[in-house]
Amino acid sequence: MPRETNAAKRERAVEVCERLNRRYGPVECFLDHENPFRLLIAVLLSAQTTDAQVNKVTPKLFAQWPTPEAMAGASVADVADTIKSLGFYKSKAKHAVEAAQMIVADYGGEVPADMKELVKLPGVGRKTANIVLNVGYGIVEGIAVDTHVNRIAHRLMLSPKTHAKEPLKTEQDLLKILPHEYWESVNHQWITFGREICDARKPKCDECPLADLCPSVRVAG
DNA sequence: ATCCCGAGGG
DNA sequence: CCCTCTGGAT
């Protein structure tokens, strides 16, 4: 079995994006994002949780600590108490406070609009940084690869099996095969698709709009 | 029971 | 590479 060429992958990936774009149109960020700082904190809190859960706690959180300066002075325990309904609340509280401190100390109270600087913040990896750059600043220099994007990329075999557990490498694979104009739409549209159709446990292949070009499609019955 | 709109640390 | 952190959803 000859390895698929990048050109073939690109054609398939572009068709995937075109179809999902037609299906979902422009998808908005479901997290509250009044400014880059609040967006950063919200994305930080969103790991292993739904946006709805995050949106329940952020009003209380930002009522107490509205700015980087305020949150930099918060006690981790108090923040943890406020976000306790979220998973991983202790580490998230620690990351939020320490990130705020670093934003004040090193970046003049402004969330840096730069990938290299963003990933220096505690709790911020490439996935979170991509969302902040993308949604907060309109800068698209990568693709936010979370568990959905990762899973779908591999089911569609747009990234080699050896990268299945390495979302950073999956991102590089997608960046190589997808034209830049598609990068921004990938995160939200693929996530929406992942939740609706291509979920982790029981993908609904029988009603999937991509079934005809998916190497992993499973036939009903 | 098992999985999740991740990242840090061993 | 693996593990851990965690509550909520299914």
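Bear in mind that the values in this text are calculations on the coordinates, not laboratory data. Owing to the predicted nature of the structure, the values given are computational and were not obtained by experimental measurement. Don't worry about glycine lacking a Cβ; one is built from the backbone with ideal geometry, like all the others, and counts go over all protein chains shown.
When the charge dipole of chain A is built from unit charges on Cβ atoms (+1 for Lys and Arg, -1 for Asp and Glu) and taken about the Cα centre, the candidate among A:M102, A:Q48, A:F37 whose Cα reaches farthest toward its positive end is A:Q48.
Neighbour counts of C-beta atoms inside 10 Å place A:T82, A:T50 in the sequence A:T50, A:T82, starting with the fewest. If only the Cβ of Lys and Arg carry +1 and only the Cβ of Asp and Glu carry -1, the dipole of the range A:36-128 around its Cα centre is close to 380 debye. What is the calculated FRET efficiency for A:E196 to A:S91, with r their C-beta to C-beta distance and R₀ = 30 Å, to the nearest 0.05? Rounded to the nearest 0.05, the efficiency is 0.50. Normalised by the number of residues in chain A, the mean separation of alpha-carbon contacts (under 8 Å, six or more apart) gives a relative contact order of 21 percent. Here the range A:36-128 is treated as a Stokes sphere of Kirkwood radius computed over C-alpha pairs; at 4 °C and 1.567 mPa s its diffusion coefficient rounds to 101 µm²/s. As a proxy for reagent exposure, A:K161, A:K127 were ordered by neighbouring Cβ count within 10 angstrom, fewest first; the result is A:K161, A:K127.
Placing dummy labels 7 Å off each Cα toward the beta-carbon, the span from A:L168 to A:E181 is 3.2 nm.
Averaging 1/r over every pair of different alpha carbons in chain A and inverting the result gives a Kirkwood radius of 18.4 Å.
With a Förster radius of 25 Å, plug the Cβ-Cβ distance of A:Y24 and A:D114 into 1/(1 + (r/R0)^6) and report the FRET value to the nearest 0.05. Approximately 0.25, to the nearest 0.05. Here the relative contact order of the range A:36-128, from alpha carbon pairs under 8 Å that lie six or more residues apart, stands at 30 percent. Taken as entire DSSP H runs, the helices of chain A that both span 18 Å or more between Cα atoms along their own long axis and average -0.5 or more on the Kyte-Doolittle scale are A:51-64, A:89-107. With 0.36 nm allotted per residue and the present C-alpha distance subtracted, the A:K204-A:Q64 stretch has 46.1 nm of extension available. Residue by residue, the range A:132-137 carries 3J(HN,Hα) couplings of 5, 4, 5, 7, x, 10 Hz when phi is fed to the Karplus relation 6.51 cos²θ - 1.76 cosθ + 1.60 (θ = phi - 60°); x denotes Gly or Pro. Distance between the modelled labels on A:E4 and A:I139, one decimal in nanometres: 3.3 nm (7 Å Cα→Cβ projection). Counting neighbouring beta carbons within 10 Å and listing from fewest to most, the residues A:D212, A:D81 come out as A:D212, A:D81.
Simple point charges give the picture: +1 on the Cβ of Lys and Arg, -1 on the Cβ of Asp and Glu, and for chain A a dipole about the Cα centre of about 940 debye.
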